[in-house]
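Colleague: This is the structure I want to talk about, given as structure tokens.
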Amino acid sequence: MKCPFCHDGDFAVIDSRQKDGDFPIRRRRACDRCKRRVWTIERIEEVPLKVVKKSDERRESYDAMKLRRGLEKACYKRPVSPEQIDDIIRKVENEIFARYHDEVPASVIGDMVMEHLQQLDQVAYVRFASVYREFQDVSEFLQEVQPMLRRRKVPR
């Protein structure tokens, strides 16, 4: 790295400090020509994950807030806490960042969210599914609900 002060010397690292594996890393640097010393901070800059939209294959940056808004709408007036919503977001993010490096299909994210919602709250699940799967009429809605109703029936 070139010295930002004299622009001639080499701005070499003379000390590095990292706090328990966390970022950022602080580095002490010194110029071999002008002898000035400073601390620099190094952090990881990730390439943003792109979401491939299912309708027109457009790509947009992954936005956790968009996912949160969808979950909050689905869970509106339901016994689902903000911590449970955070937990779903964290689980979905962990899985997509582990499996996908640059692009993830929106359908993968939607399916993961639906899987978690189905276990958490069936009404929130159906609300999310109705928007995600773009139900056009009641028959599509019933097709989604029928398997849940069959599982709930208890023999007498």
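The values are calculated or read from the model by the stated rules, or taken from the named source; none is laboratory data. Worth saying up front: this structure is predicted, and the values here are computed from it rather than measured. Reconstructed Cβ throughout: ideal geometry from the backbone, glycine too, with neighbour counts over all protein chains shown.
Matching residues to (1) outside the structural domain of Ala129 (by TED's automatic domain parsing); (2) within 22 Å of Val126 (Cβ to Cβ):
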position	(1), (2)
Cys31	yes, no
Asp56	no, no
Ala64	no, no
Ala74	no, yes
Ile85	no, yes
Ala98	no, no
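Colleague: Looking at region 86-100, which of the residues that are touching a residue at least 40 places away in the same chain (Cβ under 8 Å) and not hydroxyl-bearing (Ser, Thr, Tyr) is surrounded by the most Cβ atoms within 10 Å (Cβ to Cβ)?
Modeller: Per the stated criteria, the residue is Ile96.
Colleague: Which numbered condition trips up Arg78, out of (1) within 22 Å of Pro147 (Cα to Cα); (2) assigned to a helix (DSSP H, G or I)?
Modeller: Failed condition: (2).
Colleague: Here are Glu60, Glu115: which of them is at pLDDT 90 or above, surrounded by fewer than 16 Cβ atoms within 10 Å (Cβ to Cβ) and part of a helix (DSSP H, G or I)?
Modeller: One residue alone meets the criteria, Glu115.
Colleague: I'd like the full set of residues that are touching a strand residue (DSSP E or B) at 6+ places or on another chain (Cβ under 7 Å) and modelled with pLDDT under 80, limited to region 18-37.
Modeller: Gln18, Pro24
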